[in-house]
Amino acid sequence: MRANLISIALLSLIGYGNAFSSSPSESRRIRSRRTRSATTSSDGPRADSRRVQKRRQSSRERIVEEAFDPKRLTECQISNEDAAPIDLFDGDMINDPNFLKRRSESSVVQITDKASVNVDEVKRTDSDECKGFEVDHQHVEFISLDSLFPNLNFSEKFCNDGEFRQKIREAMRKDIFFTTPAYADMSAKVAALMLDDDSSLQGTWNCIPKNLPKEMQDSIPARMNRLTNVLQEYLGEDAPTGDELMMTLGGLCGENPTFHWIDIIGVKDRVVSHSWHQDSGKSYECGDTRDKCKYTVMFGFPIEDSYEGTGVFSHVIKLKNEHIAPPDHNVNEPVLFKGTTSDEFIVRPKFVKGREILRYMDVDVLHSAPDVVYRKSVMRFM
């Protein structure tokens, strides 16, 4: 019995002994782990701090990315379409350093995601040369596709069928791109980049060569053939041709248009500050009456079906009096303004079925890209 107890004690000691001792190979593994530990910690606290900062930065970026929700933000916005106009020529307001003031043209300021223009120091806008008529008509006008092309249920199909909208947009972009001489010699790679769905594209909306006699206009080949096919597929045989759609929308620009067209994407991944400007500051020639005006026309492409909300069209500030560009201003450059105004004067036009198109005179308003963009794109005709 005593021998058995001694044997058990010896076995126990051997067992514990194996736990506290190690073989040569185990010793090498332990030394290797200690060496790696020492090597890792040899960078010191500064390296550890850098790693912590990097992790925190990554975490912040994820939070910012997750926090930006344009749909939620636009749902919180008020269109404010009944906002009162502001008086750019009010003597008291002009002395306010935060009040809107026109800039000159000599350094660079970004006003859209693709276009840059020249600006420099602030100029006062209380000059008589810039003050036009008091605006006694509607500052912003909405137009429906149904009013332009009746009996086709155009507005309903456009607003509620995302595939139709996308095909219209793709066809318009391709037809304009492949009929624009300036793009003819571009490589396939560059062409693909310009035609990318998230890239702005510009050209002309005009489908009839300038100065072509009216009697010869029916004999010229159609330009917007892809667009024609899409319209007939979705609207039937009574649908307008692609050329008719482009010329009808362009015709809303009024007298002496520039024929410029651009499909604007905008900044979609964050909230941006308003950048108030006019495209030219001229809506009619000196001496013309206001029934010979030119307009800016916007054709909105919402990002979802049955959409009703902001984020599609440009935002505007109504003006009490027209603001006309100075006589020496380059007509091909925008008129930029520094500063902003309170939200009570900012109109965020609401896209709704039956209001697919927006129109205004450039001298009647200041406008800006939306602070929150929620759209596929918006096409501007001038």
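The values are calculated or read from the model by the stated rules, or taken from the named source; none is laboratory data. As the structure is a computational prediction, the values presented were derived from the model and not from experiment. In this analysis, Cβ positions are derived from the backbone assuming ideal geometry, glycine residues included, and neighbour counts consider all displayed protein chains. Ligands, DNA and RNA are stripped out before the accessible areas are found, and what is left, the full protein with its side chains, is counted by its heavy atoms. Shrake-Rupley method; radii C 1.70, N 1.55, O 1.52, S 1.80 Å.
Summary of computed values
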{"item": "Where labels lie 7 Å past Cα in the beta-carbon direction, separation of N151 and D87 in nm", "result": "5.1"}
{"item": "Global geometry of region 241-382, whether rounded, prolate or oblate, following the gyration tensor of its Cα atoms and the 1.5 cut on a/c", "result": "oblate"}
{"item": "Segment Q232-E344, extension gain: residue separation times 0.36 nm, minus the distance between their alpha carbons", "result": "35.9 nm"}
{"item": "Loop-located trypsin sites (Lys or Arg not before Pro) in region 171-258 whose Cβ has at most 13 other Cβ within 10 Å (DSSP)", "result": "K210"}
{"item": "Length released on extending from T180 to Q166, taking residue separation times 0.36 nm less the Cα-Cα span", "result": "2.9 nm"}
{"item": "Residues whose placed amide H lies under 5 Å from that of S280, excluding near-sequence neighbours", "result": "V335"}
{"item": "Solvent-accessible area per residue for region 121-221 (1.4 angstrom probe, square angstrom)", "result": "59"}
{"item": "Residue-count net charge about P302 - beta-carbon cut-off 12 Å; Lys, Arg +1, Asp, Glu -1", "result": "+3"}
{"item": "Within-10-Å neighbourhood charge of T228 [Cβ basis; K, R +1; D, E -1]", "result": "-2"}
{"item": "Whole-percent carbon and sulfur share, accessible surface of region 237-358, 1.4 Å", "result": "47"}
{"item": "Flagged links, alpha-carbon separation over 26 Å, of K292/K318; K292/K353; K353/K376; K167/K292; K320/K350; K210/K318", "result": "K292/K353; K167/K292; K210/K318"}
{"item": "Farthest positive-ward along region 207-363 dipole, Cα basis, beta-carbon charges - from L212, N229, S273", "result": "S273"}
{"item": "Rounded if a/c under 1.5, otherwise prolate or oblate - region 165-259, Cα gyration tensor axes", "result": "oblate"}
{"item": "Amide H contacts of R103 (H built 1.01 Å from N, under 5 Å, at least 5 apart or other chain)", "result": "K123, L336, F337, K338"}
